[in-house]
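Presented below is the structure to which this report refers.
The values are calculated or read from the model by the stated rules, or taken from the named source; none is laboratory data. Since this is a predicted model, take the numbers as computed values, not measurements. So basically every Cβ, Gly included, is an ideal-geometry build from the backbone, and we count neighbours across all protein chains shown. Surface areas here come from the heavy atoms of the whole protein model, side chains and all, with no ligands, DNA or RNA. Shrake-Rupley method; radii C 1.70, N 1.55, O 1.52, S 1.80 Å.
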Amino acid sequence: MAYKLFIPGPIAVSEKTLRAMAQPMIGHRSSDFVALYRSLQPDLQSLFGTKDPVYLSTSSAWGAMEGSIRNVVKKRVLTCMNGAFSDKWNDVALRCGKQATPLRFEWGQPVDPEAVRGELAKGGYDAVTLIHNETSCGCMSDLPALMAVIRKFPEVISIVDTVSSFSAMPIPKDKLGIDIMITGSQKALALPPGLSLVSVSKRALERAEDVADRGYYFDLLEFQKNHENGMTPSTPIIPIIYALKSKLEDIRAEGTEARYARHARLNRAVRDWGLARGFKLFPKEGHGSVTLNCFANTLDYDLPALNKVLKAKHQLVIDGGYGKLKGQTFRISNMGDETDATIAVLVAALDSALAETPKAGS
Ligand SMILES: *Cc1c(COP(=O)(O)O)cnc(C)c1O
């Protein structure tokens, strides 16, 4: 049965994008591929706000997130943690055999720039990981303020996950001074999963030259070397690269400012709906994500029952809470191709489904 995803990734993929994927394969060392690869760079660089290259990694975002750690951490990485993905990044660094110090905040609280400053000032760090938009709890940290602090520590390479905020709001990489900026295909870009996009500064590449055990698949120097020839180190996921090309056309046609405004407006529409029904936002006031709303289940609805009704009667699915927040929160995405009309259909469905959903205790 077909149904539409309003979970915060993967999200619904348009017919146009799906059709773009259904094209004949080309060799990844052919001039056709080189032309395709190079044709993507200007639009990608503009979306990333960078003059640096944007590498195409055939992996989910975690591949690039783990790979970045392996490429630039020589001494110690500070891992800023305020939700499931950022918590896991600390664990990933340790599993890569790196020295990693956690800087913990409650889930739903933003990463505090002053706490980052205090920790980095202790010295011994040469990298920091940061998640701009913690999708697990719908919490967005103040990236410009954080980067202003991190830039004061010239030895520290910044690795920033913009997986669930990229292309939904401006994140000017060069202006903010981000060294490594990572995103994935299945979030706001509304592509199928399988591709991650990584833009890397010269500084970070210079660091990588000095780091042993970078491995092969995610070696940034391999990405750079191949990039110079318009290629990827290994055979890439060509159908999703076709889809990316199609999506970049869509973004250009809409205009980035209009795209950012649309995400902000639809985000507010869902938020206003939830607040009007008596739910509260889970993340700290003023730090709600622009691409999803994570509501606290303050009215104690049976969330699996709610999703059952949504799926059976309205052919759509929301998220019933991530990890330890399962049942206590629900998340609704407004990423990708959503419009005022599709969000209106969503909130009408939510109202209808809530009316026939039992409370958890009953
Ligand atoms: C989805 C997500 C990831 C993980 O992405 P995968 O594609 O599953 O590897 C990492 N960080 C954030 C913020 C995410 O939203």
Please give the number of the condition V13 fails out of (1) away from the ligand (no atom under 16 Å from the Cβ); (2) in a loop (DSSP other than H, G, I, E, B). (1)
Does P192 meet the test of being assigned by TED's automatic domain parsing to the domain that holds V77, open to solvent by 10 Å² or more (accessible area, probe 1.4 Å) and within 13 Å of the ligand (Cβ to nearest atom)? yes
Name the residues in the stretch 202-220 that are open to solvent by 20 Å² or more (accessible area, probe 1.4 Å) and touching a residue at least 24 places away in the same chain (Cβ under 8 Å), would you? K202, R203, R207, D210, D213, R214, G215, Y217, F218
Filter result for R277 (free of Cβ contacts under 8 Å to residues at least 60 places away in the same chain, open to solvent by 40 Å² or more (accessible area, probe 1.4 Å) and not small (G, A, S)): no
Among the residues of the stretch 133-162, how many are open to solvent by 10 Å² or more (accessible area, probe 1.4 Å) and of a type in the set (A, V, I, L, M, F, W, C)? 4
Every residue in the stretch 53-101 that is away from the ligand (no atom under 16 Å from the Cβ), touching an Asp or Glu at 6+ places or on another chain (Cβ under 8 Å) and either open to solvent by 40 Å² or more (accessible area, probe 1.4 Å) or part of a helix (DSSP H, G or I) (or both), please. N71, V72, K74, K75, R76, G97
Identify all residues within the stretch 287-327 that are crowded, with 20+ Cβ neighbours inside 10 Å and among the small types (G, A, S); write none if there are none. G288, S289, G320, G321
Quick check on the stretch 287-302. Is at least one of its residues of a type in the set (S, T, N, Q), in a helix (DSSP H, G or I) and out of contact with any Phe, Trp or Tyr (no Cβ under 8 Å at 6 or more places or on another chain)? no
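Quick one: would you say I180 is among the β-branched types (V, I, T) and either within 9 Å of the ligand (Cβ to nearest atom) or under 23 Å from L44 (Cα atoms) (or both)?
Against the criterion (among the β-branched types (V, I, T) and either within 9 Å of the ligand (Cβ to nearest atom) or under 23 Å from L44 (Cα atoms) (or both)), I180 qualifies.
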Please enumerate the residues belonging to the stretch 133-166 that are farther than 21 Å from R203 by Cβ and assigned to a loop (DSSP other than H, G, I, E, B). T135, S136, C137, G138, S141, D142, V163, S164, S165
Can you tell me which residues in the stretch 102-132 are in a loop (DSSP other than H, G, I, E, B), crowded, with 16+ Cβ neighbours inside 10 Å and small (G, A, S)? G108
Given the options G230, G255, name the one that is farther than 25 Å from I69 by Cβ, surrounded by fewer than 22 Cβ atoms within 10 Å (Cβ to Cβ) and in contact with a Phe, Trp or Tyr (Cβ under 6 Å, 6 or more places away or on another chain). G230
